[in-house]
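Asker: Here it is, the structure, as structure tokens.
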């Protein structure tokens, strides 16, 4: 895990953004609104004689062209099955274009609000569409995009944090010990689950990437719309399900049962993957800390995460990983 280029978006000025859209034939009306995104730079742009569009400028050096195009092809495949996703527009004969040293893609604007996950009907509805995504995702593997595994989401992030001296010296030994212990438990969870199937996933199916639409022009367009497949990768199906769960074990078991009521209408769920819920949560926590660290040179990150890399931050991560280690020793959730 090597850090990307310093100041990766320093030359992405408003004029550059608008000129990029002009280069693919879009006539902008000058309205530009920066949207909430840290990994990439995303803007809503007003278009003359048409609805606004959303343009994403990809972080340099993160993905290869082949990996980005593979994401676009996956989303287009889902859209062809009438699954509510937002595919990239084909402009100048491509979904991925370049201008001023930046690669970018343009998408239709999709409105909506976060789903209400306390509602059993909403959970079932979400499950139906994730099941449909996975039914398509299981048809063939990604070739250019990575897999979610213990090495890429656990060992490599740990090694990056150690190599770049982010952990304060006085708690380094404690952090190193607890992260190694946690990764050992993660490995045990994967071993208990066995050889579970991997498939193409959304990969980051948190509620910021799901927009709930009501009162659409067409009734079939109501419900969840899945956006931002930037983290799409190969992995176990439960990766796209566990982030819908919260609360006590009993509450999470009930929530998952509602999700699976809809999910299994379209795709079979392997109960062995229940062993992976806390393991995947643990990997996400370790990976998230390294993700911020890798981008700490980007001026947007110290502004957005002022609490990162303080003494208190790393002390809290030690406690968090200790809790996760204990949770991974417990039996998996029991479906109701």
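Throughout, read-outs are computed from the coordinates displayed, never taken from laboratory work. Remember, predicted model here, so these are calculated numbers, not experimental data. Cβ atoms come from the backbone with ideal geometry, glycine included; neighbour counts cover every protein chain shown.
Asker: What area, in nm² and to one decimal, does the C-alpha convex hull of the range 213-318 cast on average over all directions?
Answerer: Mean projected area for the range 213-318: 10.1 nm², to one decimal.
Asker: Between residue 64 and residue 288, how many nm apart are label points set 7 Å from Cα along the C-beta direction?
Answerer: 3.0 nm
Asker: Run the simple label-point estimate for residue 265 and residue 73 please: 7 Å along Cα→C-beta, distance reported in nm.
Answerer: Between residue 265 and residue 73, the simple spin-label model gives 3.1 nm.
Asker: Would you calculate the convex hull of the Cα atoms in the range 14-108 and tell me its volume per residue in Å³?
Answerer: Each residue corresponds to 104 Å³ of Cα convex hull volume.
Asker: Give me log10 I(q)/I(0) at q = 0.07 Å⁻¹ for the chain, Debye formula, one equal scatterer per alpha-carbon, no solvent.
Answerer: For the chain at q = 0.07 Å⁻¹, log10 I(q)/I(0) is -0.31.
Asker: What ranking of 190, 57 emerges when the number of other C-beta atoms within 10 Å of each C-beta is taken as an exposure proxy, fewest first?
Answerer: With the sparsest Cβ surroundings first, the list reads 190, 57.
Asker: Ok, one more. For the range 103-151, what class follows from the C-alpha gyration tensor (a ≥ b ≥ c being the square roots of its eigenvalues): rounded when a/c is under 1.5, otherwise prolate if a/b is larger than b/c, else oblate?
Answerer: oblate
Asker: Among 307-313, 50-56, 252-258, how do they line up from the highest to the lowest mean number of other beta-carbon atoms within 10 Å?
Answerer: Averaged packing, sorted descending, gives the order 252-258, 50-56, 307-313.
Asker: Right, something else. Starting from the Cα of residue 316, step 7 Å along the direction of its Cβ; do the same at residue 330; then give the gap between the two resulting points in nm.
Answerer: 2.2 nm
Asker: Relative to the present Cα-Cα distance, how much length would full extension add between residue 29 and residue 304 at 0.36 nm per residue of separation?
Answerer: That works out to 96.0 nm of additional length.
Asker: Sort 138-147, 27-36 for me by packing, meaning the mean count of neighbouring Cβ atoms within 10 Å per residue, highest on top.
Answerer: Most protected by this proxy first, the peptides run 138-147, 27-36.
Asker: May I pose another question? Whole Å is fine, so just give me how far the alpha carbon centre of the range 114-160 lies from that of the range 24-49.
Answerer: Result: 28 Å between the Cα centres.
Asker: Then there is this: For the range 115-258, just say rounded, prolate or oblate: build the C-alpha gyration tensor, square-root its eigenvalues into a ≥ b ≥ c, call rounded for a/c under 1.5, and beyond that prolate if a/b exceeds b/c, oblate if not.
Answerer: It comes out prolate by the Cα gyration axes.
Asker: Let me ask something else about it. Relative contact order of the chain, please, whole-number percent, based on alpha carbon pairs below 8 angstrom and at least 6 residues apart.
Answerer: Normalised by residue count, the contact order of the chain is 21 percent.
Asker: Continuing with the same structure: Give, in nm to one decimal, the length gained when the segment between residue 22 and residue 250 is fully stretched (0.36 nm per residue of separation minus the Cα-Cα distance).
Answerer: This chain segment gains 76.7 nm when fully extended.
Asker: If you don't mind, another one. Under 17 Å from a label point 7 Å along Cα→Cβ of residue 140: give me every residue in the range 229-262 with its amide N that close.
Answerer: Output list for this probe position: 233-234.
Asker: Give me 45, 133 ranked fewest to most by other Cβ atoms within 10 Å of their Cβ, as a rough exposure proxy.
Answerer: 45, 133
Asker: Under the Kirkwood approximation applied to all pairs of distinct alpha-carbon atoms, what is the hydrodynamic radius of the range 17-65 in Å?
Answerer: 11.5 Å
Asker: Mean residue ellipticity at 222 nm from the helices of the chain, using -39,500 (n - 2.57) per DSSP H segment of n ≥ 4 over the full residue count, to the nearest 500 deg cm²/dmol?
Answerer: After summing the helix terms and dividing by the residues of the chain, the value is -13000 deg cm²/dmol.
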